[in-house]
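So the structure is just underneath, and the comments pick up after that.
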Amino acid sequence: MLWPFITLASAAAASYAGYASMSPTSQLYGRTLTHGSDPNQMALTFDDGPNDPHTMHLLDVLARHNAKATFFLIGKYVRLRPEIARAILAAGHEVGNHTDSHPNLILVSAARLRQELDDCRKALEDALGTKSTLFRPPFGGRRPNVLRTARKMGLNPAMWSVTGYDWSAKSPDAIVEKVTRQVDSRGKPGGEIVLLHDGGHLAFGTNRSHTVEATRQVLERYQAKRFVSISDLRQDNPDLHSTKGLG
């Protein structure tokens, strides 16, 4: 009569494995950067761009607050508007690979995975004339093969520790509340990486005006912190948290 317990154990293991493949802070399938170690730093990250006009509006807000950020760009949008990608880099921000068309990488073949990463790499290099070494999986979805493949291609995976849920927010205040609640209440060691979006993977031109305003409010609320790119986050324990040397 052990089979009911075996079935329950198997179901629980499968459920945990599924959670770990999408949870941004899980390390089950391989080490990834989730946060830094300096409580005086914060890294704002924006996914799914470049996007007109909201990426440019974000650049204006960041510039007014002397803040640096990291933008994880979709290859097909970079080819559509390379000048926005160049504006991000020219403003001193960091750029990362967010695949070419934003599929859930858990569900694609090994060949499709490599193609998505390579096509985005080419789009970034063509637009910017420089290489990007950061990678963020769409939806946070990854399996061991996703991380291994990315690293073999010279890409370091970077996740996040705070989620703004701006893709479904009804107002800027709703985004700010999500961010501040996580930053202020969880007792993390610092160096939070905040997930926001300057675009939308379903369509170019997605309205991210709420995110632009929420970013302004977050910058003002935490004006005592230094807003840095992911690569500038202080990491006292590189074996656990650094994007460098995680092969």
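The values are calculated or read from the model by the stated rules, or taken from the named source; none is laboratory data. These numbers were taken from a predicted model, which means no experiment stands behind them. Every residue, glycine as well, gets a Cβ built from its backbone with ideal geometry; the counts of neighbours run over all protein chains shown. When the accessible area is computed, the model is the full protein with side chains, heavy atoms only, and any ligands, DNA or RNA have been set aside. Shrake-Rupley method; radii C 1.70, N 1.55, O 1.52, S 1.80 Å.
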Along the Cα→Cβ direction, 7 angstrom out, place labels at Asn66 and Ser23. What is the inter-label distance in nm? 3.9
P(r) for region 161-218, please, calculated from all Cα pair distances in 10 Å bins and given in %. 24, 52, 20, 3
With the label point 7 Å along the Cα-to-beta-carbon line of Glu125 and a cut-off under 15 Å to each amide N, the hits in region 133-151 are 133-134
Helix 172-185: inclination vs the chain longest Cα principal axis, degrees, rounded to 10, gives 60
0 to 90° range, to nearest 10: angle between helix 209-221 axis and the chain longest Cα axis: 80
Can you tell which of Ala150, Asn40, His93 lies farthest toward the positive end of the dipole of the chain, using +1 and -1 charges on the Cβ of basic and acidic side chains (Lys, Arg; Asp, Glu)? Ala150
Would you mind working out the magnitude of the charge dipole of the chain relative to its Cα centre, with +1 at each Lys and Arg C-beta and -1 at each Asp and Glu C-beta, to the nearest 20 Debye? 520
By how many degrees, between 0 and 90 and to the nearest 10, does the Cα long axis of helix 3-22 differ from the longest principal axis of the chain? 20
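Test of understanding: what is the full-extension gain from Asn40 to Asp118, defined as 0.36 nm times their sequence separation minus their Cα-Cα distance? All intermediate terms of the calculation are to be shown ahead of the outcome.
Working: separation 78, 0.36 × 78 = 28.08 nm, distance 3.53 nm.
This chain segment gains 24.5 nm when fully extended.
What is the percent carbon and sulfur in the accessible area of region 60-140, measuring with a 1.4 Å probe over the protein chains and ignoring ligands? Don't skip to the end; give the middle numbers.
Values: 1650 of 3360 Å².
Of all accessible area on region 60-140, carbon and sulfur atoms account for 49 percent.
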Give the accessible area for Glu220 in Å² (nearest 10); use a 1.4 Å probe, count only protein heavy atoms, and leave out ligands, DNA and RNA. 80
At q = 0.07, 0.08, 0.16 Å⁻¹, work out log10 I(q)/I(0) for the chain with the Debye formula, treating every Cα as an identical point scatterer and leaving solvent out; two decimals please. -0.23, -0.29, -1.16
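Taking 0.36 nm per residue of separation and subtracting the Cα-Cα distance, what length does fully extending Arg31 through Ser109 add?
On the way: separation 78, 0.36 × 78 = 28.08 nm, distance 2.17 nm.
Contour length minus Cα-Cα distance gives 25.9 nm.
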Quick calc: nm separation of the 7 Å Cα→Cβ label points for Lys170 and Leu80 -> 2.8
